[in-house]
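The values are calculated or read from the model by the stated rules, or taken from the named source; none is laboratory data. Given the structure is predicted, the values throughout are model-derived calculations rather than measurements. Cβ placement follows ideal geometry from the backbone for every residue including glycine, while neighbour counts extend to all protein chains displayed. The protein model used for the area step is the full one, side chains on, heavy atoms only, and it has no ligands, DNA or RNA in it. Shrake-Rupley method; radii C 1.70, N 1.55, O 1.52, S 1.80 Å.
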Amino acid sequence: MFDKFYTRVTMAPEFPLGFDWINSTEPLSLEKLRGHVVVLDFWTYCCINCMHTLPILSQLERKYEKRPVVFIGVHSAKFFNEQDRKNIEQAVKRYEISHPVLVDKQMTIWQKYDVSGWPTIVIIDPNGIVVYKQSGEGQKEVIEDTIDVLLEKYGKNGGLAKEPIKITHHISQDKAVLSYPGKISISNNKIAISDSNHNRIIITDMTGKIEHIVGNGKTGLVDGSFVKTSFFRPQGVVWKDDLIFVADTENHAIRKIDLIARNVVTVAGTGKQGSWVSSGGKGKETSLSSPWDVAVRDNLIFIAMAGNHQIWTYDIKTGMVLPFAGNGHENIIDGNRMQAQLAQPSGLSIRDNSLYFADSETSSIREIDLQSGYVRTIVGQGLFAFGYKDGHLDEALLQHPLGLCVISNQIFVADTYNSALRVIDLKNEKMSTLIGKQGMSGICRLDDPNCDSLELYEPSDVEIYQDKIYISDTNNHLIRVYDLKTNVLKTLEIST
């Protein structure tokens, strides 16, 4: 089976000295790992395909935990922000990665292994020879088969380590009320918050006092009462009267919270990731792929389907869930909504007859005219065009934005990887910074002991309500409130 990928002996390049390791108290080397099957996962934490691969690796880690098999993540960053070790550590905690992760400086290891896309899996045999390399998701069976063949072959000839190497690491647990909060939605003086890594939805009043906790905190796809139901890292939330619709991201499902009946039901998704191309169908019979945000207009719930680079709709009356925009190819190409190309849409906002969305992998903000069906780009230039620049929209740059809110002629953007809140002036076609690197001089760095206020840290969403901006400050595990009248940024104190 290895001949499919390699026709000659290829020794795996050794890991460079002096590179940072996460989830390992000491550096690893291929020399130390001789006698082990080594599985390398080349990933970057923005990548939705990489996110889809992590649960597969977790399953395989559990299967082979007592065998001489070692899984190692090689984090080869796409965005500037992803090159910072502290940010990678946050991603490792958020996605509950237990295997060692090697921080690949300047994509050095990526180049040594001649990798060309995320994710890429490389398997190295116990003699240090590369026997498998393949990019893309959906590789579970072939990875498993390759490991099994190698264990059997080297078990017979005595080439396996007698005892699996023990890799020690320490994973600290955050004790904040929220854990990596994703999206927020406000209606009738009530705030819905996706408490993503606590696998629950929290509803508070405007002072932050908790009125409802929806979800038992356990990972799963279970409907029922608020205390029995379970989610899996939910993101998007949106109010419709006394209902809240939830993008239950890692369950690949849309859930409905009924505050009157005090229960939760799944309205779309099967709990399993859907295929790249799908024509949709009946809600509970149709598999979805990483829904990341939701917005509502009349009886349609719009879904940012990050996993297959599309926007879908769920019809509350008919129960049908269907593709609405994007042909599934990942790019930034405008045009008719079903011919346009999107790239991991992750945030939605509706104003009048337009649906605005944050297209995160192209670091862009785009618009769909709901009457003509035309998709146009407001700001953003391509999959690898990103940065931090204010000014005219033709030249302005964002870095992997995940959330937005549209009010009048302004779009407020959670510019996630710039840890900033940006503002797009649609009338004058300019972008500026409200909170971040070029704004709010009173905000200072997280690691500055002289600071009395926190800088935003990878915010995921923004919502405006009654002259205040509510920000999901994800990596700070907080909801922040910026008063447009006083220009003061405070923290929403969430309490029972």
### Message
Checking the condition of a type in the set (Asp, Glu), closer than 30 Å to His198 by Cα and open to solvent by less than 50 Å² (accessible area, probe 1.4 Å), which residue from Glu61, Glu65, Glu96 passes?
### Response
Glu61
### Query
Between a first residue in the stretch 252-263 that is in contact (Cβ under 8 Å) with a residue 24 or more places away in the chain and a second residue that is of a type in the set (D, E, K, R) and open to solvent by less than 30 Å² (accessible area, probe 1.4 Å), which pairs have beta carbons less than 6 Å apart while being 6 or more apart in sequence or on different chains?
Arg255/Asp248
### Task
Scan the stretch 43-56 for residues that are without any contact (Cβ under 8 Å) to a residue 60 or more places away in the chain and either buried (at least 22 other Cβ atoms within 10 Å of the Cβ) or among the aromatic types (Phe, Trp, Tyr) (or both) and jot them down.
Tyr45
### Query
If you scan the stretch 16-42, which residues turn out to be in contact with a Gly (Cβ under 7 Å, 6 or more places away or on another chain) and either more than 26 Å from Gly159 (Cβ to Cβ) or open to solvent by 60 Å² or more (accessible area, probe 1.4 Å) (or both)?
Arg34
### Summary
Residues of the stretch 320-344 being under 22 Å from Ile254 (Cβ atoms), part of a loop (DSSP other than H, G, I, E, B) and open to solvent by less than 30 Å² (accessible area, probe 1.4 Å), in sequence order, are Gly326, Gly328, Ala343, Gln344
### Task
For residues that are assigned to a strand (DSSP E or B), within 22 Å of Phe80 (Cα to Cα) and of a type in the set (S, T, N, Q), tally how many sit in the stretch 95-134.
1
### Task
Looking only at the stretch 102-111, decide whether some residue is closer than 26 Å to Asn308 by Cβ, more than 21 Å from the chain's Cα centre (by Cα) and among the charged types (D, E, K, R).
no
### Message
Here is a check on your reading of the model: is Ile186 buried (at least 17 other Cβ atoms within 10 Å of the Cβ), of a type in the set (Val, Ile, Thr), part of a helix (DSSP H, G or I) and within 25 Å of the chain's Cα centre (by Cα)?
### Response
no
### Message
Just to be sure I understand, how many residues within the stretch 297-314 are more than 13 Å from Val375 (Cα to Cα) and either assigned to a strand (DSSP E or B) or in contact with a His (Cβ under 6 Å, 6 or more places away or on another chain) (or both)?
### Response
10
### Query
Which condition breaks for Asp369 when tested against (1) at pLDDT below 95; (2) touching a strand residue (DSSP E or B) at 6+ places or on another chain (Cβ under 7 Å)?
(1)
## Note on the structure
Just one listed residue, out of Thr146, Thr120, is open to solvent by less than 10 Å² (accessible area, probe 1.4 Å), polar (S, T, N, Q), touching a residue at least 60 places away in the same chain (Cβ under 8 Å) and touching a Ser or Thr at 6+ places or on another chain (Cβ under 6 Å), and it is Thr120
### Message
Here is a list: Thr229, Thr266, Thr270. Which entry is more than 15 Å from the chain's Cα centre (by Cα), open to solvent by 20 Å² or more (accessible area, probe 1.4 Å) and among the hydroxyl-bearing types (Ser, Thr, Tyr)?
### Response
Thr270
### Message
Six or more apart or on different chains, Cβ atoms under 7 Å: show the pairs whose first residue is in the stretch 226-250 and under 20 Å from Gly274 (Cβ atoms) and whose second is surrounded by fewer than 19 Cβ atoms within 10 Å (Cβ to Cβ) and of a type outside the set (Phe, Trp, Tyr).
### Response
Phe232/Thr219; Phe232/Gly220
### Message
Among the numbered criteria (1) open to solvent by less than 10 Å² (accessible area, probe 1.4 Å); (2) outside any strand (DSSP E or B); (3) of a type in the set (Lys, Arg), which one does Lys317 miss?
### Response
(1)
### Query
Looking only at the stretch 293-313, which residues are out of contact with any Lys or Arg (no Cβ under 6 Å at 6 or more places or on another chain), touching a residue at least 12 places away in the same chain (Cβ under 8 Å), of a type outside the set (A, V, I, L, M) and open to solvent by 20 Å² or more (accessible area, probe 1.4 Å)?
Arg297
### Matching residues, the stretch 126-143, being open to solvent by less than 10 Å² (accessible area, probe 1.4 Å) and either within 18 Å of Ser58 (Cβ to Cβ) or touching a His at 6+ places or on another chain (Cβ under 9 Å) (or both)
Pro126, Ile143
### Query
How do the pairs read when you match residues in the stretch 201-216 that are closer than 19 Å to Tyr465 by Cα with residues anywhere that are hydroxyl-bearing (Ser, Thr, Tyr) and outside any strand (DSSP E or B), using Cβ under 7 Å and keeping only pairs 6 or more apart or on different chains?
Ile210/Thr496
### Query
Does Glu82 meet the test of being assigned to a helix (DSSP H, G or I) and open to solvent by 20 Å² or more (accessible area, probe 1.4 Å)?
no
### Failed item, numbered, when Ile260 is tested on (1) closer than 16 Å to Ile368 by Cβ; (2) in contact with an Asp or Glu (Cβ under 8 Å, 6 or more places away or on another chain); (3) outside any strand (DSSP E or B)
(1)
### Task
Just name the residue that is nearest to Arg255 (Cα to Cα) out of those in the stretch 206-222 that are under 25 Å from the mean Cα position of the chain (by Cα) and part of a loop (DSSP other than H, G, I, E, B).
Leu221
### Task
Assess whether Phe15 counts as being aromatic (Phe, Trp, Tyr) and farther than 29 Å from His477 by Cα.
yes
### Message
Give all pairs with beta carbons closer than 8 Å in which a residue from the stretch 324-353 that is without any contact (Cβ under 8 Å) to a residue 12 or more places away in the chain meets a residue that is in a strand (DSSP E or B) and buried (at least 17 other Cβ atoms within 10 Å of the Cβ); count only pairs at least 6 apart in sequence or on separate chains.
### Response
Ile333/Gln341
